[in-house]
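Visitor: Here you go, one structure.
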Amino acid sequence: MKAFTRTRTALAACLLAGALALTGCSVLGEDSGGSSETGRQGEAGADAEASPESDVPYDVVPLLKPGKKYFGAAVDGAPNSMKGLDTYTRMVGKQPNLIEYYAAWGDGFDATGVRNAWREGAMTLMSWEPFDTPIADIAAGKSDAYIKEYATAVRKLNLPVVISFADEFNGHWEKWGTKDVTPEDYVAAWRHIHETFIDVGASNVIWAWSPNIVNPVKSVKLKPYYPGDAYVDWVGLIGYWTIEEDGAFDSVFGATRDQVRTFTKKPMILLETAAMAGERRRADIRNLFAGVTADDDMLGFVWFNHKKRADWRLEASPLALKEFKRLAADDSFGFDVRKP
């Protein structure tokens, strides 16, 4: 009966849309978990409080590999407050269209922040960090009530979001890293979360699987941690230009990229990056833009504009900031995500 009701609702919506706009409509079955090209796009969905029982999920496909590069940033307070991002935009001369923020496992869905970003033509990227919940417990279903509640809120808002669960898993420094979590448990937890989202119809999520670059942990192989192409949309590389690297793009990201390419062809994005302040920072920024530009499968980057363990903020180096602003003016970086 539930399947019939949902199909009947979708057909009614399709007929109405056809009468008004002469557009097509595809009907989602109860178990499809898919998205339709007739999903709400653009500003029309910015403040929607739609029911997941009646609305077609937002179609994220055009955002998976758009024609231009993502120009992202992680800035204090954003996206819940956009003041810091507005300051960053004025500083670099361009509005970021991918806003990364960090949330602990157990936090509620930041619908306000997602709306704030969307109104300015940006999509949010949440780094979901299970600090106090064992990965094995998540895989075993002990957080199912929380996951379902979260996924339902994402589906209800019906705007595209990017989720990166338990990133830097191949490092020993995270609670969900190699000291405490097996690859089998990590993959099982990832798949379980993904499947729970699909079960409630939350297909408006782009899933970013995000290893740290392999340079400091060369002995840890990435393939055993990979959930599979059916569960991943982007590979999000996390890596920084530091004095330990020679500064070339391939020196920082090449080994990780090459290893990932042995088991998946999913598009990549620099999910978190920056360059250490100092004399070499301008050259590192040039290498960042050049490396992303040269690789058609590299979707863009997110600049980590925080002071944490080092001062990664662009404003800490006026000359490097000037170079960043010059390169960011390239039209191939940045676009309104509401009109990909």
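The values are calculated or read from the model by the stated rules, or taken from the named source; none is laboratory data. Given the structure is predicted, the values throughout are model-derived calculations rather than measurements. Cβ coordinates were reconstructed from backbone atoms using ideal geometry, including for glycine residues, and neighbour counts include every protein chain displayed. All accessible areas refer to the heavy atoms of the entire protein, side chains included, with ligands and DNA or RNA removed. Shrake-Rupley method; radii C 1.70, N 1.55, O 1.52, S 1.80 Å.
Visitor: Would it be correct to say that GLY228 is at positive phi and at pLDDT 95 or above?
Guide: yes
Visitor: Can I ask one more? Condition (residue is acidic (Asp, Glu), outside any helix (DSSP H, G or I), farther than 18 Å from LEU125 by Cβ and modelled with pLDDT of 95 or more) applied to the stretch 57-76: is it met by at least one residue?
Guide: Yes, the conditions are met somewhere in the stretch 57-76.
Visitor: Out of (1) outside any helix (DSSP H, G or I); (2) among the hydroxyl-bearing types (Ser, Thr, Tyr); (3) open to solvent by less than 10 Å² (accessible area, probe 1.4 Å), what's the single condition that is false for SER219?
Guide: All conditions pass for SER219, except number (3).
Visitor: Only residues that are of a type in the set (A, V, I, L, M) and farther than 20 Å from ASP59 by Cβ: list them for the stretch 90-125, please.
Guide: MET91, VAL92, ILE99, ALA103, ALA104
Visitor: Yes or no: TRP128 out of contact with any Gly (no Cβ under 9 Å at 6 or more places or on another chain), under 22 Å from ILE206 (Cα atoms) and not β-branched (Val, Ile, Thr)?
Guide: Taking the combined requirement at face value, the residue satisfies it.
Visitor: With respect to ALA202, determine if the residue is crowded, with 22+ Cβ neighbours inside 10 Å and assigned to a loop (DSSP other than H, G, I, E, B).
Guide: yes
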